[in-house]
Amino acid sequence: MTEAPRNFRWIGQSLKRPEDARLLAGRGRFVDDVKLPRMAHAAVLASPHAHARILSIDTSRAAALPGVLVVVTGAEFAATVGAMPTLSNPPVVQHAIAIDRVRHVGEPVAAVVATSRYIAEDALALIEVEYEPLPAVVDPEAAIEATGDALLHPERGSNVAHHSDHTWGPVDAAFASAERVVRRRFRWPRVSPQPIETSGAVVDYDAAERRFTVHSNMSQQSVIGARLARALGVEPHQMNFLISDVGGSFGGKSSLYHVPLIAAGLARLAGRPVKYVEDRLEHMANGNQHASDRVYDAALALDADGRFTALSLKVIDDYGAYFMMNTGSHGNALAQATGPYRIPALHYEVTCVVTNKTQQAPYRGFGGEVGNFVLERLVDAAARETGRDPVALRRQNFIGRDEFPYRIPNGNIYDSGDYARVLDRALAQLDGPAWRARKEAARKAGKRIGVGLATVNERSVLSVTELWFLDKDPAFPQSSSPESVHIRINPDGAALVTLFAPHWGNSPETMAKQLVAEYLGIDPARIVVGYGSTDQGLISKGPVGSRYTVMLAGAIAGATRELAVKMKRLAAHRLGGDPEALELRDERVFLRDDPARGLSFAEIGRAAHSFRLSFPNDEAFRSGLSAQYTYDHLYTTMPSADRSDLGVFYPIVGHACHIAVVEIDEATHQTRVIHYVAVHDAGTIVNPRLVDGQIRGGIAQGIGTALYEKYHYDEDGQLLTGSLADYAVPTSHEVPDIVVDHVETPSPFTEFGIKGCGEGGRLAAMPAIAAAIDDAFADEELFVDELPVTPSALHGMRAASVR
Amino acid sequence: MTPVAIELTINGEATAATVEPRLLLSDFLRDTLGLTGTHVGCEHGVCGACTVLVDGRTARACLMFAVQADGAKVETVEGLMALNGDLSPLQEAFRDHHGLQCGFCTAGMLMTATELLRTAPTADRAAIREAISGNLCRCTGYETIVDAIVQAAPAFLEAAPAFEARETPR
């Protein structure tokens with residue numbers, strides 16, 4: 001349900017998705033559906049060791065197998081393909097296929113190209129590798145002190161990839177004068193996006209033209225493509241990246257390097273198109289897509305009145321074996337480190353370590369969800385320690401609706417919000433007395449019911465400065481994160497819109513239709529949306545950091561503005577008079593004062609395409625009716641040199657209040673989420689049904705993180721959860737029906753007041769569920785400080801809390 | 001390995017092929033026949049993305065060899081839409097309720113729902129949740145998929161006798 005309608009024709013409508021027909025018909029265009037003439041198939045040999053020197057590799061038997069075209073070791077591959085892209089500086093060097101040393105189970109050591117994937121896998125079994133095992137580094141805290149053979153990258157001299165310590169505002173004074181300091185230690189689990197489609201690429205190399213054509217399910221082709229070209233030793237214009245449908249990303253595929261690189265390198269060696277699609281085990285063990293894996297020592301200072309005065313976060317983050325995303329997920333967490341609360345001082349110390357696991361990539365929240373969890377847990381702990389009501393304590397510390405734009409201690413800006421209203425609306429959705437009654441009844445039946453609440457922010461519209469501003473000497477202090485669109489009006493008046501980022505489960509075609517329809521006054525049914533390759537393309541940062549709809553709206557605003565100017569110019573010549581006296585609506589350009597006089601878009605389209613000589617001999621009337629527009633981040637500033645001010649980098653900030661109700665079996669300690677309320681403020685909503693879908697999906701993933709999912713590595717660095725039977729993604733049994741509601745506080749900075757909302761469900765669910773579990777065992781003073789809360793984990797927590 | 005000749009019906013069309021005994025049904029459909037609507041998510045029978053109907057019953061195409069489908073009637077997602085592009089009531093319901101986001105699990109969901117509604121067109125939400133619990137979706141949170149199947153059920157109730165006649169439950 002949305003609020004009172006404004007004066008929009010298409011914004012706010014739950015338009016059905018143009019993406020759906022092909023997907024429902026089984027005619028999607030996913031990367032594994034690509035089949036090219038003479039296409040061969042790649043498979044990679046995975047390291048069985050977490051950490052080892054490669055002493056020798058014998059590929060002769062594999063190469064002799066009929067059907068095998070190419071067999072390469074890492075060293076042989078590296079003769080033609082350089083190191084993988086990374087944002088770290090000095091770079092933590094990673095090769096798509098390992099050379100000399102493997103640093104995690106699953107890391108590729110050799111690759112085979114054969115006429116079928118079956119034969120390629122047969123050949124893998126014939127490759128003999130001799131390893132010298134090295135000590136496995138599994139525990140992130142132990143990794144810090146490790147020396148000698150336990151160093152993953154000996155040339156760096158330490159397993160600490162990054163350490164920095166930042167203070168914004170009067171932290172020491174606030175802690176020194178605090179009435180109470182609430183301290184807790186938290187352990188956040190290693191999870192991953194786990195899209196149902198793994199990563200894949202099909203690459204054709206044309207040796208005559210010296211050009212690669214890349215089909216893949218990556219994103220940011222226009223940005224990352226140049227980095228992959230460099231690794232392949234070619235110029236960016238020698239690679240054309242096509243855009244596929246993507247079977248889910250949730251951030252992980254936004255930084256996909258190794259898969260297209262392996263396929264491209266092998267295609268050039270084989271002289272044939274090569275398909276490389278990960279199987280599920282490869283995706284889990286070598287996907288380069290694990291997410292934040294953190295230990296927090298956190299403290300919140302309160303004054304005598306219960307006001308929050310300072311927050312201190314000391315974080316150790318286990319990045320796995322490499323460091324391609326640098327400190328981006330901490331930059332991200334800093335965008336809203338103080339949450340929806342007035343907290344004038346912030347301390348953030350971060351230690352990023354490398355261990356023998358596959359490395360991190362973004363996952364819905366990109367570290368911000370961890371920060372939200374820790375802060376919300378601290379607030380609940382503070383309420384308990386000071387004898388305050390957790391809802392009242394939150395309300396008391398909320399930034400007020402009149403305080404926006406609000407600057408948080410590190411310099412980021414929150415644009416707008418009305419947190420109390422979101423909270424009120426969420427509380428109104430929950431029948432508190434009924435749940436209290438059910439709680440009593442359940443207790444008699446051996447069940448515990450608990451209700452928990454979280455109030456969190458959702459920073460949206462990412463700017464890239466977060467990827468490097470924690471570094472003293474960043475490798476690439478980029479400051480552009482634009483989005484582009486191309487729009488053409490056809491001779492029949494229909495609009496063709498070209499996007500430069502993939503559909504990966506968001507709804508870019510629907511968004512483009514609704515936005516173009518709104519700006520131009522054209523029926524969405526007369527708008528066709530397609531995707532441009534990098535050859536045709538314009539720069540696009542794509543759908544990361546809950547930015548795509550806001551950025552696309554900016555780009556479409558720019559392009560349609562140019563189109564409208566030209567259409568009015570052409571129409572004014574035909575109709576006589578001033579272009580400024582014209583308006584666009586219902587696929588017509590007409591005189592504002594005499595609406596009957598006008599031209600249809602089709603008439604203008606035909607004129608622009610075919611009747612040049614009907615217009616003056618002036619450049620302004622040249623043929624064609626198309627516009628392209630590249631829209632820059634709407635509000636971003638550079639950090640100061642000493643980082644005492646990080647600048648504005650994530651200013652469009654939504655808000656959410658989630659209430660989870662859990663039921664726990666006292667005997668088995670199995671926790672089920674049985675009821676759920678989510679109220680979000682994502683500014684002006686373009687398509688309510690789709691926003692609700694993003695929220696529900698994010699909550700489902702949040703339930704997974706809170707209760708079920710975790711990559712378990714044993715002490716030798718062996719991955720124990722390498723299948724979907726062991727890594728438990730929520731099924732339809734684990735995700736309840738969810739009450740979703742909205743408040744709309746339009747952003748003052750964006751087109752139509754839209755805010756991003758792609759990550760919000762997963763930014764809020766975990767602390768709400770943790771609080772609900774606490775509540776179920778309030779009599780035992782249980783406090784959830786580690787996820788996931790599996791039955792055995794809960795059993796352990798209860799035993800600890802009773803002691 | 002000596003190739004084996006098989007004959008089967010796929011979406012009503014008689015199909016003959018000679019295949020390696022180890023060729024998975026999923027690869028046979030996708031690679032040999034070009035029916036790429038059936039997706040492969042995990043290749044170990046957990047995610048359900050590759051679900052097809054074999055003689056009216058759901059089967060994981062990644063856990064079956066093509067030779068095991070010899071003589072069978074196989075139905076895939078490609079058989080649901082009419083030739084003129086009209087979506088079936090079940091497909092329409094998924095679109096109406098936003099029962100898909102990325103669309104990768106969708107074929108398996110549709111085939112699982114087809115089996116359910118042919119055999120139990122009056123299934124309630126709990127029964128629907130039970131039926132789709134072997135199909136993982138990472139995008140939607142399932143609720144809108146359940147909504148879609150609820151909406152589509154009456155269309156199957158009307159069609160139920162015809163399906164009964166050709167079903168032979170094992």
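Points worth noting:
- Shape summary: segment A:90-234 maps onto an equivalent ellipsoid whose semi-axes, from the alpha-carbon gyration tensor, are 41, 24, 17 Å in decreasing order.
- If you bin all the Cα-Cα distances of segment A:536-637 at 10 Å, starting from zero, the percentages per bin are 14, 38, 26, 18, 4.
- Taking amide hydrogens as placed 1.01 Å from N in the peptide plane, the amide H of A:Arg211 sits under 5 Å from those of A:Asp206, each at least 5 positions away in sequence or on another chain.
- Calculated mean residue ellipticity, 222 nm, chain A: -8500 deg cm²/dmol, from DSSP H runs (n ≥ 4) at -39500 (n - 2.57) each, averaged per residue and rounded to 500.
- Once C-alpha pairs closer than 8 Å and six or more residues apart are averaged by separation and normalised to the residue number of chain A, the relative contact order reads 16 percent.
- Segment A:485-568, Rg to Rh (Cα coordinates; Rh as Kirkwood inverse mean 1/r): 0.94
- Within-12-Å neighbourhood charge of A:Ala428 [Cβ basis; K, R +1; D, E -1]: -1
- Considering every alpha-carbon pair of segment A:275-418, the percent of pairs per 5 Å bin, from zero through the bin containing the longest distance, is 2, 9, 17, 18, 16, 13, 9, 7, 5, 3, 1, 0, 0.
- Cβ-defined net charge surrounding A:Tyr711, 12 Å radius [Lys, Arg +1; Asp, Glu -1]: -2
- Cβ-based charge dipole, the protein assembly as shown, positive-most Cα from A:Tyr531, A:Ser56, A:Gly558: A:Gly558
- J(HN,Hα) series, segment A:365-370, from Karplus relation 6.51 cos²θ - 1.76 cosθ + 1.60, nearest Hz, glycine and proline x: x, 6, x, x, 5, 5
- Cα-only radius of gyration and Dmax that characterise segment A:335-424, units Å: 15.5, 49
- Relative to the globular-protein estimate of 2.2 N^0.38 Å, the Cα radius of gyration of segment A:746-785 stands at 1.87.
- Eigenvalues of the alpha-carbon gyration tensor of segment A:434-511, scaled by 5 and square-rooted, set the equivalent ellipsoid semi-axes at 47, 28, 10 angstrom, largest first.
- Measuring between their Cα centroids, segment B:47-63 and segment A:346-383 lie 40 Å from each other.
- Candidate aspartates and glutamates - alpha carbon under 16 Å from A:Lys472, same-chain residues fewer than 8 apart omitted: A:Asp165, A:Glu349, A:Asp642, A:Asp645
- A helix-only calculation puts chain B at -10000 deg cm²/dmol for mean residue ellipticity at 222 nm, using -39500 (n - 2.57) for each DSSP H run of at least four residues, averaged over all residues.
- Cα shape, segment A:139-202, gyration tensor, a/c 1.5 rule: oblate
- In terms of its C-alpha gyration tensor, segment A:548-700 has a prolate overall shape, because the principal axis ratio a/c (a ≥ b ≥ c, square roots of the eigenvalues) is not below 1.5 and a/b outweighs b/c.
- For B:Phe65, nonlocal amide neighbours, meaning residues 5 or more places apart or on other chains whose placed amide H falls under 5 Å from its own, are B:Leu25.
- Backbone geometry of segment A:321-330 corresponds, through the Karplus equation with coefficients 6.51, -1.76 and 1.60 at θ = phi - 60°, to 3J(HN,Hα) couplings of 6, 9, 8, 5, 8, 6, 9, x, 6, 8 Hz, x marking Gly and Pro.
- With the charge dipole of chain A set up from +1 on Lys and Arg Cβ and -1 on Asp and Glu Cβ about the Cα centre, the Cα lying farthest toward the positive end among the listed residues A:Phe241, A:Ser792, A:Ala660 is that of A:Phe241.
- Neighbour-count order for A:Asp779, B:Asp96, A:Asp139, fewest beta carbons within 10 angstrom listed first: A:Asp779, A:Asp139, B:Asp96
- Counts of other chain beta carbons within 10 angstrom of each beta carbon in peptide B:21-32 average 1.
- With Cα atoms as the point set, the protein assembly as shown shows a radius of gyration and Dmax of 28.3, 90 Å.
- Peptide A:789-798 shows a mean partner chain C-beta count of 0 within 10 Å per residue C-beta.
- Alpha-carbon Debye profile of segment A:1-134, log10 I(q)/I(0) at 0.15, 0.17, 0.20, 0.22 Å⁻¹: -0.81, -0.95, -1.16, -1.26
- Estimated FRET transfer efficiency (A:Asp58, B:Met1; beta-carbon r; R0 30 Å; 0.05): 0.70
- Among the residues of B:75-88, the average count of other protein chain beta-carbon atoms within 10 Å of the residue beta-carbon is 2.
- For segment A:148-240, applying the loop criterion from DSSP together with a ceiling of 12 other beta carbons within 10 Å to the GluC sites (Glu not before Pro) yields A:Glu209.
- Separation between Cα centres of segment A:574-608 and segment A:743-794, rounded to whole Å: 51
- The order of A:Thr637, A:Thr465, going from fewest to most other C-beta atoms within 10 Å of their C-beta, is A:Thr637, A:Thr465.
- Applied to segment A:708-718, the Karplus parametrisation 6.51 cos²θ - 1.76 cosθ + 1.60 on θ = phi - 60° returns per-residue 3J(HN,Hα) values of 10, 8, 5, 7, 9, 10, 7, 5, 8, x, 7 Hz, with x for Gly and Pro.
- The relative contact order of segment B:8-98, computed from alpha carbon pairs under 8 Å that lie at least 6 residues apart in sequence, is 32 percent.
- Sequence-separation-based contact order of segment A:272-318, relative, with Cα cut under 8 Å and 6+ spacing, percent: 32
- Inter-label distance for A:Glu562 and A:Arg407, nm, one decimal - labels placed 7 Å from Cα along Cα-to-Cβ: 3.6
- When peptides B:4-17, A:116-129 are ranked by their average number of other Cβ atoms within 10 Å per residue, the highest-first order is A:116-129, B:4-17.
- Proportion of all alpha-carbon pairs of segment B:1-137 beyond 22 Å (%): 35
- Neighbour-count ranking [beta-carbon atoms within 10 angstrom, fewest first] of A:Trp168, A:Trp188, A:Trp10: A:Trp10, A:Trp168, A:Trp188
- Shape class of segment A:698-749 from the alpha-carbon gyration tensor: oblate, with a/c at 1.5 or above and b/c at least as large as a/b.
Here, each number is a calculation from the coordinates, and none is a lab measurement. Keep in mind the model is a prediction, meaning the values are calculated, not measured. No Cβ is skipped: glycine too gets one built from the backbone with ideal geometry, and neighbour counts run over all protein chains shown.
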